[in-house]
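Step one of this worksheet: look at the structure below.
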Amino acid sequence: MDVGAVPRQTTWATCAFVIGASPRYCPGVAQKKAPARKPRADSRSLPIGEAARALGVSVDTLRRWERAGRLKTTRDSANRRHVSEDEVRRLGGRSISKSGTGLSARNQFDGVVTAVEIWGVIALVEVQAGPHRFVAIITRDAVEELGLAAGVPATATVKATSVMVARRREQTEPAS
């Protein structure tokens, strides 16, 4: 059989065997698109760039992994790749966390304010979060603005050597 001649009723596998090409290079052979894989309902879908950041690799690397079958992706209506969080975790990436506060800090501990001491323009705030006790020095204005007092639910956010305190809004005010 001539290398350039591909039988009309052939499959891409026959074409690839005959001319040594991948299916996309086989003229006259209908290409089948793989059905989009859907992630589990409890798994969030991440754009490929966000998944690449979580895995510490480039987007091009994720595309190569997809072609090699190492990574499972889905496509949205605009044909953009998405990767499920489960797939990112399977490949050893960190879980993407959204704090909802606009902060880049990931270490957040929900707890309760145990003490507030005010001296002039600064204040010392203690937050008990499970077995952990966090102490932060913040401004008096921040204490007043957040309404911090003993018994108030708060979140201690730790980034490097800084501890920030934010008041959780979903809790009701403590009884005075």
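Mind telling me which of the residues T101, T61, T139 ends up being loosely packed, with under 15 Cβ neighbours inside 10 Å and modelled with pLDDT under 85?
Values: T61 fails: modelled with pLDDT under 85; T139 fails: modelled with pLDDT under 85.
Answer to the check: T101.
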Please indicate, with yes or no, whether at least one residue in region 112-128 is modelled with pLDDT under 90 and either basic (K, R) or surrounded by 12 or more Cβ atoms within 10 Å (Cβ to Cβ) (or both). no
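The values are calculated or read from the model by the stated rules, or taken from the named source; none is laboratory data. None of these values were measured; they are calculated from a predicted model. Note: ideal-geometry Cβ built from the backbone for every residue, glycine included; neighbour counts use all protein chains shown.
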